[in-house]
C-alpha cells in the first residue's frame, strides 16, 4: 500500500494536471512505474476523487464570486450607460446613431417586443439599424418632443 503522503501529493498534482509522469515521479522521488501503480490503488482513487470534488467546489465558488462582482459593476454603471444612450438618442449628429440608440432604449424597456424584430429592421452599411422611413421619422420626432426626466432618490 502506498504511503498516504504520496497519495495526497500525487492526487494534488493530478488534479492540477500540469505535470508529466516523469516530472511527478521526480518530484515525489519515486520511479514512474511506482507512480503508475499508486494511481491504480483504492487509496489513491479515494484521495483523488476527494481532491477533485474540492477543486470543483473551489472553481464554482470563484465563479459565484465573479458573478456577484460582475452584477455589482453592472448595477453601478447601468444608470450612466442609460444616460449615455439617451444622450446619443437625443443629440447625435447622425440619424442612424440616434435611431440605433432609440431602438436600444425601446428594446430594453420591457413593455414592447424587440423593436428590431417587430419592425423587421435591416442593417445599413455602417451596421446601424435601418427602419422604414416613416417609422424612423416617427421615433425621431417622439424623441425630439420628449423631455429629460429626473428621478429624485429618497
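Let me see the pair-distance distribution of the range 1-103: every alpha carbon pair, 5 Å bin width, integer percents in order.
2, 11, 14, 12, 8, 6, 6, 5, 5, 5, 6, 6, 6, 5, 2, 0
Determine the gain in length on full extension of the stretch residue 55-residue 80; use 0.36 nm per residue of separation and subtract their C-alpha separation, reporting nm with one decimal.
Values: separation 25, 0.36 × 25 = 9.00 nm, distance 3.82 nm.
Gain on stretching residue 55 to residue 80: 5.2 nm.
Values in this text are rule-based calculations from the coordinates and carry no lab data. What you are looking at is a predicted structure, and each value in this text was computed from that prediction instead of being measured.
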